[in-house]
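Only the coordinates and a few stated rules stand behind these numbers; no lab work does. Values in this document were obtained by computation on a predicted structure and should not be read as measured data. Methodologically, a virtual Cβ is constructed for each residue, glycine included, from the backbone with ideal geometry; neighbour enumeration extends over all protein chains shown.
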Amino acid sequence: MKVVTITSRNVGSVARWRGTRCGIRTFLHALIEGEWCQVVETRSDPECLPPRALRRKAGEYSWSPADQRGVRDGE
C-alpha cells in the first residue's frame, strides 16, 4: 500500500476516507485516484486531515476541509 502525507496541495484529490482497525490501532487511509493509501499524520497541515474523532473510527466516510464536518455512510 502506498503511504502519503496529506497537504493542502493534494487534499482536493481525496475522494473518501476510512479508518482500518488492526488490533488496538486505527490507521487512516485516503482514496486517491482510485487507490487506497495509508496516511502519515503530521502536524504540518492539520487542517487537511479529518477531525481526530473521525480518524479513530473504523469504516468509510466523506470529509473535506471546506465543510469541516464528517459524514459517515448510513448516517
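Here are the numbers for this structure:
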quantity	calculated
Net dipole in debye of segment 3-56 [+1 Lys, Arg Cβ; -1 Asp, Glu Cβ; about Cα centre; nearest 20]	320
Estimated FRET transfer efficiency when R0 is 22 angstrom, pair Ile24-Lys2 (beta carbons, to 0.05)	0.35
Mean Cα-pair separation over length for the chain, i.e. relative contact order, pairs under 8 Å, 6 or more apart, %	33
Sum of side-chain charges, Arg52 neighbourhood, beta-carbon under 13 Å (Lys, Arg +1; Asp, Glu -1)	+2
Loop GluC sites (Glu not before Pro), segment 18-60, which have at most 16 other Cβ atoms in a 10 Å radius of their Cβ (DSSP)	Glu33, Glu41
Choice from Gly12, Gly23, Gly59 with maximal GNM fluctuation in the chain (Cα, 10 Å cutoff)	Gly23
